[in-house]
Amino acid sequence: MATIEVFEPALCCATGVCGPDVDQRLVTFSADTDRLRSEGGDIRRVNLASEPAAFAASDAARQFLQLAGSGGLPLVLVDGVTVLTGRYPTRDELSAWAGPGAATDAPTDAPTAVPAGATLLSLVAASTSGARDDGACCGGGGCC
């Protein structure tokens, strides 16, 4: 799984989600990073206000600041390679960059193409053949 680093402009706190005027982009991004972390993703947020040494230690971040200034942030690196600047990544972008095994919004039970020569079972016929005719969904007692 890839390492994602997000070098952010100076924020009031680690997430920027505080105060009376919360930026919705930061709320969404914070939720997306929490989700990615909970699924094993390796993502690190670096705040210019609280971690200026981390900017100085990263060649990409330091050079970016010298050329674009802090107004060009956020800067997103994946395994040290610049992949996005000037805005926060979407959930789909984070999932794609995190690599194999990363969560996506695609349903896991989505139908797939049937391989040539495969035989399909008739699940509809099997489920209706055992249906009860007593009016209850799970038995004669009407338990549900």
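Stretch Glu51-Thr82 to full length: gain in nm at 0.36 nm per residue minus the Cα-Cα span? Numbers along the way, then the final one.
Numbers: separation 31, 0.36 × 31 = 11.16 nm, distance 1.92 nm.
Full-extension gain reported as 9.2 nm.
Once all protein chains are placed together, Asp42 keeps about 70 Å² accessible to a 1.4 angstrom probe. Contact order for segment 1-92, expressed relative to its length and based on alpha carbon pairs under 8 Å spaced 6+ residues apart, stands at 40 percent. Taking label positions 7 Å along the Cα-Cβ direction at both Cys13 and Met1, the computed distance is 2.5 nm, reported to one decimal. Extension gain for the segment Arg25 to Asp59, taken as residue separation times 0.36 nm less the Cα-Cα distance, is 9.6 nm to one decimal.
The values are calculated or read from the model by the stated rules, or taken from the named source; none is laboratory data. Just so you know, these numbers come straight off a predicted model, no measurement behind them. Cβ coordinates were reconstructed from backbone atoms using ideal geometry, including for glycine residues, and neighbour counts include every protein chain displayed. The area values use the complete protein model at the heavy-atom level, side chains included, leaving out ligands, DNA and RNA. Shrake-Rupley method; radii C 1.70, N 1.55, O 1.52, S 1.80 Å.
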